[in-house]
Structure formats: structure tokens, C-alpha cells
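Derivation of every value follows stated rules applied to the coordinates shown; laboratory data play no part. Because the structure is a prediction, the values reported are computed rather than measured. Reconstructed Cβ throughout: ideal geometry from the backbone, glycine too, with neighbour counts over all protein chains shown.
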Amino acid sequence: MTKQDDHFKKVIAHAKEFGFVFPSSEIYDGLSATYDYGQNGVELKNNIKDYWWMSMVQMHDNIVGLDAAIFMHPTTWKASGHIDAFNDPLIDNRDSKKRYRADVLVEDFIGKIQDKIEKEVIKGKKRFGEEFSEKEFRSTNPNIIRRKGQIEEIESRLKLVLETNDLAAFKDLIDELGIVCPISGSKNWTEVRQFNLMFGTELGSVAGEASKIYLRPETAQGIFVNYLNVQKTGRMKLPFGIAQIGKAFRNEIVARQFIFRMREFEQMEMQFFIKPGTQKDWYEYWKKTRMKWHESLGFGADQYRFHDHIKLAHYADAACDIEFKFPFGFKELEGIHSRTDFDLGNHEKFSGKKIQYFDAEQNQNYVPYVLETSIGLDRMFLAVLSKSFCEELLDDGTQRVVLKIPPALAPVKVAVFPLLKKDGLPEKAKQVLNILKLDVNCQYEEKDAIGKRYRRQDAIGTPYCVTVDHESLNDNSVTIRERDSMKQERIAIDKLQKYIGDRVSTKSLVQNMDRLLENAVLN
Ligand code: GAP
């Protein structure tokens, strides 16, 4: 097992043990790739949503929210292209009986070549020491140049088979690359077939095609069909955006890697309506803005990278992913798509209703273009959890497990402890708790020694612990202990609210993001 596999396994076990994520319907042995969020998980999830909503809706005068239904008129999915084109190419291995996405097999193969390049760079760093120039090494080392060439060739073949939908050529590519099944190790593959990812169900009691509907595979369409409603009732002028958080469903061929790829998941999407012809500028704007949203969390800029799509989705004229360094490598966390007028134009065609914008400056009607930002909430949750999980060896030789979650996202912001369960300390501690819980999510603990209570709070990522002791009864002060440094200081109870508020608010993340954006403009 690699170090990364081991880390990932520990994160999954920790998520269950400390009430973040449980396998769904576990008493019946669970349901494949379906998970429930526990008492701490739901808080973390809500805090991520708050951060997104605040930075997208509250901080933009021209972006408003929406909460559309999951069920939609079935023609929506004809117009959006999902009935005809929302397919993944699948392939089975005859020996292991396992099913794979053919494009993912090829992408994983490319990932292995990329890993070899990174290993070469590490070797180079060791060999050349201080004089090492990574940029020069990457552009001159013959092994790296050869491997980059291999990647480019495979990517261009993958792009071609995806664009031409040539399934026989897809199978040839897998055979030629000698890709083996990770389970059986064999190359005994079936042909490649297309598989539609939408979940169908029936509305009401009448069976048959007329009542067939779909669980939405993206939240975006709920925004498009409400474009006119919001534009008119909100008197919105271009450019403007509509943001939405909600569930989406996809019958994924392979759901795996814990909550990374599920069949029921949540998306945070924003559709930004713009004047045709301005899409390139807005694409760059949203790429930069969304990247800074991620970087503001403080995990390090090197944990993210852009990846241009090899094959554009049926609706896009430009698209990229923000990838995050998950424990299993760089993978898609968020998509930024220039969707042109594909969706609004098609809804206009299929509904027969005019879906246009009157541009008073140009005295002209047109179908707006759309720039989309789309992030998976569950993936964001996994990114935060996996990057925050740390095992630390302490000076006294003991070990602690701590979730170094950015304070604004932590499920519990403060834990309040009485030093002892007597002498009026619990009563005083509850007074402190009652003040703090008006502002932030708090916990009260009086069981076990203080050290043990600290460990329990570290394990769920609580940034501050407040201890009430005998001195508190005389001078109205308490000890506050910070999670990461474990430093303690004395503070007056009447200063606590502000002290904690300043450090755990979503506002601090958004302000940090603004600073990063300002610096990016200056440099
Ligand atoms: N409206 C555009 C759209 O849905 P997408 O790239 O298919 O684009 C957007 O999905 C985001 O949704 C992804 O970047 C990912 O974070 C999340 N996502 C997609 N499929 C998912 C799945 N099966 N499980 C969890 N998250 C998923």
C-alpha cells in the first residue's frame, strides 16, 4: 500500500468514527457508493455552502440565487442534449467481470506516465541539489521529453475517438496501449459501448413513456428554464448570474473513491449570462476568481491546477477543470464552461417561447451566452477533509490526530470545558457557552481529563477550546487554546465573542479571497 493509499484509508475511517460520513443504510449492509453525512459532516457541508454562497451571491451585486425542483419537464432533457449525448463509454473485463469507463482507463494510463515524469523530477532535484532548475530540467531531460510526447499522442487519439464517437477505435486504443484490468491484470476486454447516465423514473400512477421523467443530472437546467422569470422579476441587466445549490443524480458506471464519485451528489452551480462575443474575457475572469476562492482556504496554491478539457461537452466552446491534489492524485474538483447560447437557444426552440434579452444600448434582442462555474459539494468536502487530516507526534512522545480544517469551515468552532465537574465551574462554563452559542456552533464537555477532551476536539477540527477554572470565578477570565499551535492564553470572558468571531467567520475567508484577487491584478 502506498503512503497516499494509507492516508486515504485513514481519512475514510476517521470520517466514520467521528460522525462526518456514514455508509448509507448501513444496518442493511449499505448501498454501493451512497453515503450519509453525520452530525459533523452536515456542519462542514453547510459551512462550505455558506462560503460559496457568500462569495458568489452576497458579494456580487449582479448574482442572485435560485432553488429549482429536481423533477423537470422531460422535454428539458431533450433540449439540453442529455437524452442524446449524456453518455459515457463503458468497457467490461471478462475475467474480473468489472466494468470501467473506457476514457478513465486511458486517463489513468496517462496519469501513470505523468507520475513517472514527477519521479524523474524528484530524482533530478536530489542529483543537482541547489543548482537544480526545475523549469530547465523539465524542458531538456530526454526521458521527460519522450514521456511528454507519449502523453500528447495518447491525448490526441483519445480526443479523436471521443469526438468522432468511434467505439471500435476506442477499443483499439486500449488494446494498443496494453491497458490491463487493475483487478484481474488481464487484457481480456469486451467491445466499448455507450451508456446513458440519466436516472429515469415515472411521475404519478400511469406507467409508460408519457409519464417518464428523469432525476436531474445537473442543477444547471433548473437555472436555464428560469432565466426569463429571474431576469424579468429581478429586473436583471446583462451580465448577471443565477446561483444554485442542489442535488444531482447520475447513474455512474463506476462510482468509487468514497464520496468522490457518487450516483447522488450535490452541486454548487452558477450560470453567468453575458453578451455574445464577450465569453473569452468572462471565461478568464471566472477561472481566476474561482481559483482564488480555493486558494483562500490556505491549503497551498500547489494543491490546485487547471486542466483543459480534452473533449468539449456537447454544449461548450471552451472548458477546463480546477483539479485538486486528492490522496489518489490530481482530479477534477470544479468545472468552468463557456456554454455559448446552446442551452437557452435550445430551450427557446423546444418550448416555442422567446428566451431573449433586450439590449437597450444596442436596441437589439438576442439569446445571451452563458459562462458556468460548477463545483461538486461532496468533492469539495473530500478535498477539505483529506487535506486537513494530520497525524502529529507531540513533544511528549504521544500522538494526536487533528483535522486542521480552515476555522471558518470547522463543524464546531468552540468547545467549552469546566476544569472540574464541581465548585460551580460547570455553571460558569454554561454561562460562557450560552454567550458563544448565539454566534457560532459550540460544544460543552465535562467528562474526562482536559487532555482527553482536547484530543476529541482536535479529531473533529474544533479551532478553539475554552476552559473555565477557579480563577474564572474571581476574575471573569478563561484559558483559550488554539488547535494547530496548541498555544494557550488567558482572555477576559467579555472579549471572547469578538476574539473567536474574528477568527472563524466566513467573512475572513471572503476577505482573504479579495486580497488574493487584488494581488493577482497588481502582479
Ligand atoms: N453543469 C455542468 C456539469 O454538471 P460536470 O463537470 O459534469 O459539469 C460538475 O460536473 C462538477 O460536479 C464536477 O466538477 C464534480 O465536482 C461534480 N460531480 C460530477 N459528477 C459527480 C459524481 N458522480 N459524484 C460527485 N461529484 C460529481
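Listed highest first by mean packing, meaning other Cβ atoms within 10 Å per residue, what order do 266-279, 162-175, 311-324 come in? Working shown, then result.
Details: 266-279: 20.7, 162-175: 15.3, 311-324: 17.7.
Top to bottom by mean Cβ count within 10 Å: 266-279, 311-324, 162-175.
If packing is taken as the average count of other Cβ atoms within 10 Å, what order do 245-252, 342-349 fall into, highest mean first?
Sorting 245-252, 342-349 by mean packing, highest first, produces 342-349, 245-252.
Using Cβ contacts closer than 10 Å as the measure, can you line up PHE328, PHE350 from fewest to most? Numbers along the way, then the final one.
Working: PHE328 17, PHE350 14.
Ranked by crowding around the Cβ, least crowded first: PHE350, PHE328.
For each of ASP302, ASP378, count neighbouring Cβ atoms within 10 Å of the residue's Cβ, then give the residues from fewest to most. The partial results should precede the final answer.
Values: ASP302 7, ASP378 21.
Least crowded to most crowded, the residues run ASP302, ASP378.
Would you mind giving the average projected area, over all directions, of the Cα convex hull of segment 318-471 in nm² with one decimal?
Details: hull surface 66.8 nm².
Approximately 16.7 nm², given one-decimal rounding.
Between PHE132 and ALA520, what is the FRET efficiency for a Förster distance of 45 Å, r being their Cβ-Cβ separation, to the nearest 0.05?
On the way: r = 28 Å, r/R0 = 0.61.
Step by step, r from the Cβ atoms, then E = 0.95.
What is the set of long-range amide H partners of VAL21 at a cut-off below 5 Å, with H atoms built 1.01 Å from backbone N?
Distant-sequence amide H within range of VAL21: LYS16, GLY38.
Over the alpha-carbon set of segment 415-454, divide Rg by the Kirkwood Rh and report the Rg/Rh ratio to two decimals. Please report the intermediate quantities before stating the final value.
Numbers: Rg = 10.0 Å, Rh = 10.4 Å.
Here the Rg-to-Rh quotient is 0.97.
For segment 93-172, what is the convex hull (Cα atoms) projected area averaged across all directions, in square nanometres? Walk me through the intermediate numbers first.
Numbers: hull surface 27.6 nm².
Mean projected area of the Cα convex hull: 6.9 nm².
Among ALA313, PHE328, ILE375, whose Cα projects farthest towards the positive end of the dipole of segment 298-396, with charges put on the beta-carbon of Lys, Arg (+1) and Asp, Glu (-1)?
Working it through, the farthest residue towards the positive pole turns out to be ALA313.
For segment 416-472 and segment 222-276, what is the separation of their C-alpha centers, rounded to whole Å?
Value for the Cα centre distance between the two parts: 41 Å.
So what's the angle, to the nearest 10 degrees on a 0 to 90 scale, between helix 506-522 and the longest Cα principal axis of the chain?
Roughly 60 degrees, rounded to the nearest 10.
Say each of ASP166 and ILE27 gets a label point 7 Å from the Cα, pointing the same way as Cα to Cβ; how far apart are those two points in nm?
It is 5.6 nm.
What does the highest-first list of 388-397, 360-369 look like by mean Cβ count within 10 Å? Working shown, then result.
Values: 388-397: 11.3, 360-369: 13.6.
Top of the packing list down: 360-369, 388-397.
Alpha carbon centre of segment 335-411 versus segment 35-95: separation in Å?
9 Å
Using only helices, what value at 222 nm comes out for the chain when you add -39,500 (n - 2.57) per DSSP H run of length 4 or more and divide by the total residues, to the nearest 500 deg cm²/dmol? Don't skip to the answer; put the middle values down first.
Working: 18 runs with 216 residues, N = 523.
The helix contribution divided over the chain gives -13000 deg cm²/dmol.
For a quick size check, give me the Cα extents of the chain along its three principal axes, largest first, whole Å.
The Cα atoms of the chain stretch 78, 63, 57 Å along their principal axes.
Largest first, please: the extent of the C-alpha atoms of segment 1-97 along each principal axis, to the nearest Å.
48, 39, 31
Computed from the mean reciprocal separation of all distinct C-alpha pairs, what Kirkwood hydrodynamic radius does segment 467-520 have, in Å?
Values: mean 1/r = 0.0761 Å⁻¹.
Evaluated on segment 467-520, it is 13.1 Å.
What's the FRET efficiency of GLU152 with ASN434 using the Cβ-Cβ distance as r and R₀ = 45 Å, to the nearest 0.05? Intermediate values should be presented prior to the final figure.
Working: r = 63 Å, r/R0 = 1.39.
Using R0 = 45 Å, I get an efficiency of 0.10.
Using 1/(1 + (r/R0)^6) with R0 = 56 angstrom and r between the beta carbons of LYS353 and LYS112, what's the FRET efficiency to the nearest 0.05?
Efficiency computed from Cβ-Cβ geometry: 0.65.
Local charge sum around MET268 (other residues, Cβ-Cβ under 10 Å, Lys/Arg +1, Asp/Glu -1)? Spell out each step's value before the answer.
Details: positive: LYS49; negative: GLU266, GLU269, GLU334.
Summing Lys and Arg as +1 and Asp and Glu as -1 gives -2.
List every residue whose amide H lies under 5 Å from the amide H of LEU333, counting only residues 5 or more places away in sequence or on a different chain, with H placed 1.01 Å from N in the peptide plane.
Result for LEU333 returns ILE322, GLU323, PHE324.
Can you find, among VAL42, SER156, PRO74, the residue farthest towards the positive end of the dipole of the chain? Put +1 on the C-beta of Lys and Arg, -1 on that of Asp and Glu.
Comparing the listed Cα positions along the dipole, VAL42 ranks first.
Mind listing P(r) for segment 155-281? All alpha-carbon pairs, 10 Å bins, whole percents.
10, 22, 28, 25, 12, 3, 0
Project the alpha carbons of segment 409-504 onto their principal axes and report the range along each, largest first, in whole Å.
34, 28, 23
What are the residues whose amide H is under 5 Å from the amide H of PHE195, where those residues sit 5 or more places off or on another chain and H is modelled from the backbone?
ASP88, LEU90
Across segment 373-450, how many lysine pairs, 8 or more apart or on two chains, come within less than 22 Å at their alpha-carbon atoms?
Lysine pairs, 8 or more places apart or on different chains, close enough: 17.
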